[in-house]
Every structure is written in structure tokens, then in C-alpha cells.
Amino acid sequence: MSIRRKIIDYSRGDNLGHFWRLYRLQKRFGRGFLHNILTFLLSRCAHRHGGYVGPDAVFKGRPQLPHGLHGVFISRYAQIGEGCRIYQNVTIGEVSGKAPVIGDDCLIGAGAILLGGIRIGDHAKVGAGAVVNTDVPEGGTVVCQPARILE
């Protein structure tokens, strides 16, 4: 990547490399004072990028965020699989302490809302603006509001 490209990415706030390094470091430490400091720094970094990632959220790999964390809210109870692509203004929220479990290689469109203790299967697609509160099968596609599953 050229220096010009790096400067442009950093100025837009899309350079999340430091954020993910801090996330991995925070997960490496158990509970305690240092963990709390890293959680605070992680929250501030996410806020700087315009989003929120809960301190106990679990990522199996680094998700693809084409628009950075702009408007993305990820609950502290959420579990996100490897290779997921999450666009801007997505909410992965909790209901009664239960949050979605998202499988590997999923696509979540802009403005989608995923709520409650649901399971999104591997290779599933959630369309832009969909509000999902039911399970999505592996390879399924969810569109519209209210959510409609396409096989």
C-alpha cells in the first residue's frame, strides 16, 4: 500500500489496525486493573471511529469493515465469526443479556439491525435495513422490514 493510500485511510478513520491490536491485547489479559485500562482505551478508540464495540464481544477473526466503525454498534455479548463483512450503521444488539451469534463469512448490509439471542448461519446475507430477530439458516438471505428469509 502506498503512503498516499495510508494517509487517506488514516484521515478517514478507516485505519483500524491500532484498534484491533488493542482488542487482541485486551483479550490476552484476564480481569484486573490493566484489563480495565485497556477496555477504557478500546472504548475511546471505537468512539473516535464513530462506533461501539462491547468489551466482552468475541471476534473469531478480524471482520471486514469497508466503512470503518462508522455507526456500528456491537453488543458486549455478541459473537462474530471469521471473515464477516459489516457495513456502516449496523446494530448488533442484546435483549435480556442475549446477543446474536453470527457465523463465518456472513454479509451484513448497511443499516441492518440484529437483536436478541439469534443465530445467523455461516455464509448468510442480511440485506440493508433489515430488522432481524429470528434465526437465519446457513446460506440464507434476509431482506425487508419486517425480515423475510429467502432460501
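The values are calculated or read from the model by the stated rules, or taken from the named source; none is laboratory data. Note that the structure is a prediction, hence the values are computed from the model and not measured. Positions of Cβ are backbone-derived with ideal geometry, glycine not excepted, and every protein chain shown enters the neighbour counts. When the accessible area is computed, the model is the full protein with side chains, heavy atoms only, and any ligands, DNA or RNA have been set aside. Shrake-Rupley method; radii C 1.70, N 1.55, O 1.52, S 1.80 Å.
On the given criteria, is Q145 modelled with pLDDT under 95, in a loop (DSSP other than H, G, I, E, B) and surrounded by 15 or more Cβ atoms within 10 Å (Cβ to Cβ)?
So Q145 fails the test.
If you take the residues in region 91-109 that are touching a Phe, Trp or Tyr at 6+ places or on another chain (Cβ under 7 Å) and assigned to a loop (DSSP other than H, G, I, E, B), which one is nearest to I120 (Cα to Cα)?
A99
One line per residue, one yes/no per condition, for (1) open to solvent by less than 60 Å² (accessible area, probe 1.4 Å); (2) among the charged types (D, E, K, R); (3) outside any loop (DSSP other than H, G, I, E, B):
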{"position": "L22", "(1), (2), (3)": "yes, no, yes"}
{"position": "Q26", "(1), (2), (3)": "yes, no, yes"}
{"position": "C45", "(1), (2), (3)": "yes, no, yes"}
{"position": "R76", "(1), (2), (3)": "no, yes, no"}
{"position": "N89", "(1), (2), (3)": "no, no, no"}
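Quick one: I86 ticks every box in (1) among the hydrophobic types (A, V, I, L, M, F, W, C); (2) closer than 22 Å to H47 by Cβ; (3) at pLDDT 95 or above except a single one, so which number is it?
(3) is the only condition that I86 fails.
Check off (1) open to solvent by 30 Å² or more (accessible area, probe 1.4 Å); (2) farther than 24 Å from N36 by Cβ for G116 and give me the number that stays unchecked.
Tallying (1) open to solvent by 30 Å² or more (accessible area, probe 1.4 Å); (2) farther than 24 Å from N36 by Cβ, G116 fails exactly one: (1).
Within region 110-131, which residues are in contact with a Gly (Cβ under 9 Å, 6 or more places away or on another chain) and either within 20 Å of G54 (Cα to Cα) or aromatic (F, W, Y) (or both)?
Result: A110, G111, A112, I113, L114, L115, G116, G117, R119, I120.
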